[in-house]
Amino acid sequence: MAKPVLIGCGNMGSVLADAIIKKGICSAGELTVIEKFANPYTKRLAKNGTKVLKSFKKLPAKQDLVILAVKPQDSAEVLAEVARKIDEKTLVISIMAGVTLSVLRDKLSDAQIIRCMPNTPCSIQQGMAVYCGNGKVTDHSYVIAHSILSTMGKAFKVDDEIMIDAATAISGSGPAYLFYLAEALKEGAAELGFSDQQAEILATQTLLGASILLNSSDDDPEELRRKVSSPGGTTLEATKVFDSHNLKSTLIEGFKAAYNRSIELGKQQER
Ligand SMILES: NC(=O)c1ccc[n+]([C@@H]2O[C@H](COP(=O)([O-])OP(=O)(O)OC[C@H]3O[C@@H](n4cnc5c(N)ncnc54)[C@H](OP(=O)(O)O)[C@@H]3O)[C@@H](O)[C@H]2O)c1
């Protein structure tokens, strides 16, 4: 495996750095990190033997593997620097939200490029990463990218970049949808007489338990729901109210709004 260079070591970059080292993709000493200012993550990585650079100046030319984890607004400056350090053998993996393959290709024309959409549970190695490559990515590079991106949870490849926008709407924003449900569970619990602390435990543990059950069960979500919805029972009374307000189609409408917004933001980056 090529020695990776990680550019941007903030929230996401540090998660990737930790996951790559922990899962044995490379050792701490084989990783190079470029980060403008030292932060607690870079200090910890440097202490464990990772080379931490403040700029691209000391980075040797012709890198094999570059991971881009800066904010989209810093992408222009960073891509211009990266372009000087790559050739057609270089694999570049970008996790920058909304920065399309077209923008990346414009600046890094020679490279094999993979655009990835991770989500926040990546920080606890329970994330979802969906990725898509330009025409130059070799099978071998896809294997490398998959092994890197799946260190943070699950990962899969899509062939059409539009599915990155779709993933943004489902798995990217998805944790926020569940937090929204947690808010509703908490507020409902409080209205039914539980203390704030009890409401918090009820909401969190219910979502955690249900997610683990969903993940470990052979049943699909509909079947699992049916199993707790006995005729004439309490759950069915609640879902009847949800259905009368078209809750499911309202949620799907919301997911589609997120999808459209993702496409729009991608186009803005391209301008
Ligand atoms: N957080 C998420 O859950 C999530 C999910 C999906 C995608 N993403 C994507 O992941 C990327 C990183 O997000 P984040 O939350 O980790 O952002 P972040 O915490 O701001 O980390 C980015 C880091 O890059 C550094 N940086 C900026 N310009 C640089 C340069 N020229 N050279 C070296 N380092 C530079 C920043 O330093 P300064 O702070 O000093 O500028 C910062 O420490 C973003 O593009 C975001 O769209 C994040």
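Some notes on this structure:
- With a requirement of 3 or more residues that are without any contact (Cβ under 8 Å) to a residue 60 or more places away in the chain, closer than 19 Å to Ala129 by Cβ and in the same structural domain as Tyr131 (by TED's automatic domain parsing), the helices (runs of 4 or more DSSP H) lying completely within region 1-111 that satisfy it span 11-22.
- Top-ranked residue of region 112-135 - restricted to ones that are assigned to a helix (DSSP H, G or I) and of a type in the set (S, T, N, Q), ranked as modelled with the highest pLDDT: Thr120
- With respect to (1) within 20 Å of Gln269 (Cα to Cα); (2) touching a Leu at 6+ places or on another chain (Cβ under 9 Å), the lone exception for Cys122 is condition (1).
- Of all residues in region 193-214, exactly one satisfies the criterion of being under 13 Å from Leu181 (Cα atoms) and among the acidic types (Asp, Glu), namely Glu200.
- Contact annotation: residue pairs with Cβ atoms under 6 Å, 6 or more positions apart or on different chains, pairing a residue in region 147-158 that is in the same structural domain as Leu91 (by TED's automatic domain parsing) and among the hydroxyl-bearing types (Ser, Thr, Tyr) with a partner that is surrounded by fewer than 17 Cβ atoms within 10 Å (Cβ to Cβ) and at pLDDT below 95, are Thr151/Lys23.
- Any hit, region 120-135, residues being among the aromatic types (Phe, Trp, Tyr) and away from the ligand (no atom under 12 Å from the Cβ): no
- Meets criteria (over 19 Å from Met12 (Cβ atoms) and away from the ligand (no atom under 14 Å from the Cβ)) for Lys51: no
- A search for C-beta distances below 9 Å between a residue of region 123-136 that is surrounded by fewer than 23 Cβ atoms within 10 Å (Cβ to Cβ) and any residue that is of a type in the set (Val, Ile, Thr) and assigned to a loop (DSSP other than H, G, I, E, B), counting only pairs 6+ apart in sequence or on different chains, returns Cys132/Val158.
- Residue-level check: of (1) under 18 Å from Lys3 (Cα atoms); (2) of a type in the set (Gly, Ala, Ser); (3) surrounded by fewer than 22 Cβ atoms within 10 Å (Cβ to Cβ), Ala69 misses just (3).
Conditions (1) assigned to a helix (DSSP H, G or I); (2) more than 30 Å from Ala145 (Cβ to Cβ); (3) assigned by TED's automatic domain parsing to the domain that holds Ala97, marked per residue:
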{"residue": "Met163", "(1), (2), (3)": "yes, no, yes"}
{"residue": "Ala184", "(1), (2), (3)": "yes, yes, no"}
{"residue": "Ile201", "(1), (2), (3)": "yes, yes, no"}
{"residue": "Gln205", "(1), (2), (3)": "yes, yes, no"}
{"residue": "Leu213", "(1), (2), (3)": "yes, yes, no"}
{"residue": "Asp219", "(1), (2), (3)": "no, yes, no"}
{"residue": "Glu222", "(1), (2), (3)": "yes, yes, no"}
{"residue": "Thr235", "(1), (2), (3)": "yes, yes, no"}
{"residue": "Glu253", "(1), (2), (3)": "yes, yes, no"}
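- Within region 23-46, one or more residues are under 24 Å from His146 (Cα atoms), away from the ligand (no atom under 13 Å from the Cβ), among the β-branched types (Val, Ile, Thr) and surrounded by 14 or more Cβ atoms within 10 Å (Cβ to Cβ).
- Close pairs from region 206-219: first free of Cβ contacts under 8 Å to residues at least 60 places away in the same chain, partner exposed (fewer than 12 other Cβ atoms within 10 Å of the Cβ) and not aliphatic (A, V, I, L, M), Cβ under 7 Å, at least 6 apart: Leu214/Pro221
The values are calculated or read from the model by the stated rules, or taken from the named source; none is laboratory data. Every value quoted in this text rests on a predicted model; they were computed, and no experiment measured them. Methodologically, a virtual Cβ is constructed for each residue, glycine included, from the backbone with ideal geometry; neighbour enumeration extends over all protein chains shown.
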